[in-house]
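What follows is one structure encoded as structure tokens, with my remarks underneath.
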Amino acid sequence: MEKLYGKQLEIMAYKARLLGLDAVHTAASGHIGGSLSAVDAITTLYFNIMNIDPQNPHWDDRDRFVLSKGHCTPALYPVLALRGYFPIEDLKLFRSIKGHISGHAEMRHVPGVDMSTGSLGQGISAAVGMALAGKVAKKNYRVYAVLGDGEIAEGQVWEAAMSAAKYHLDNLCAVVDVNGLQIDGATKDVMPSEPLDKKFEAFNWHVIKIDGHDFDALVRAFEEAETVKGQPTVILMKTVKGKGVSFMENNAGWHGKAPNDEQYAQAKAELEAKLAELEGK
């Protein structure tokens, strides 16, 4: 597959947003807010950056991706479906016992998922292990992990950060979705995490700060991470929780709530209008 850039990536991300919205509405359950803030980065990874083969999801030399904020599968699963790991139709059984598309990232039943996650803080530790294993085995694959800025309050995140620096894991790139909100409100009120850049620098990580909805900036940041030697990289991306749906944006109430029929209709109309604009329709 040819790499996507700029508007092509944005079009794909809005298609993923619509699929994620459909899945959460159909299931009447799911975490839509943080999925909408992270989907641009995940789309960029799968359609531009990562060395993968959807027809061979267990390929030993593939790049790995860990959704450390494991509840945000309404971002990951649509991207995996669009990339060809499984049929888009499967998303209709999101969170249903009749299907294989679980509410949190699940590696045993969902093709393309490299690590099961859900308990916050554990995904980045698994990513560190994957990166270390790659170094030991002298493999060239890279490991990517997306964390939430609320998740950063977990102590295990910082244990993983210390380990990644100790073992000079320059094949590891973490991405923190800095949308400023978590389930109980603003991160600055619940458990302040800033200044994240200085904290990661103190842990001997290479730090890149970007707008997480700027696709050119995302590509440049991931490409820069590939050039870093001797230390892991973290991309701190400023995002908008609920991005793309006016009444969900910057609203912590949409962390883990499904829209009702009226809200769904409005959200779908807004996303479809943006997609049509991008496609020039």
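Computed values, structure above
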item: Selected residue (only one of 189, 184, 177 is touching a helix residue (DSSP H, G or I) at 6+ places or on another chain (Cβ under 6 Å) and surrounded by fewer than 17 Cβ atoms within 10 Å (Cβ to Cβ)); result: 184
item: Single residue of segment 211-238 satisfying the filter (farther than 18 Å from residue 142 by Cβ and crowded, with 16+ Cβ neighbours inside 10 Å) that is nearest to the chain's Cα centre (by Cα); result: 212
item: Residue that is buried (at least 24 other Cβ atoms within 10 Å of the Cβ) and either touching a strand residue (DSSP E or B) at 6+ places or on another chain (Cβ under 9 Å) or outside any strand (DSSP E or B) (or both), where the choices are 110, 146; result: 146
item: Matching option when the condition is in a loop (DSSP other than H, G, I, E, B), more than 15 Å from the chain's Cα centre (by Cα) and farther than 30 Å from residue 94 by Cβ, among 188, 135, 139, 199; result: 139
item: Flag if residue 122 is under 17 Å from the mean Cα position of the chain (by Cα), more than 23 Å from residue 24 (Cβ to Cβ) and polar (S, T, N, Q); result: yes
item: Pairs with Cβ under 8 Å, 6+ apart, first in segment 251-276 and among the hydroxyl-bearing types (Ser, Thr, Tyr), second modelled with pLDDT of 95 or more and surrounded by 13 or more Cβ atoms within 10 Å (Cβ to Cβ); result: 264/21; 264/25
item: Yes/no for residue 268 being at pLDDT 95 or above, touching a Phe, Trp or Tyr at 6+ places or on another chain (Cβ under 9 Å) and under 17 Å from residue 32 (Cβ atoms); result: no
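The values are calculated or read from the model by the stated rules, or taken from the named source; none is laboratory data. Note that the structure is a prediction, hence the values are computed from the model and not measured. Cβ: placed from backbone, ideal geometry, glycine included. Neighbour counts: every protein chain shown.
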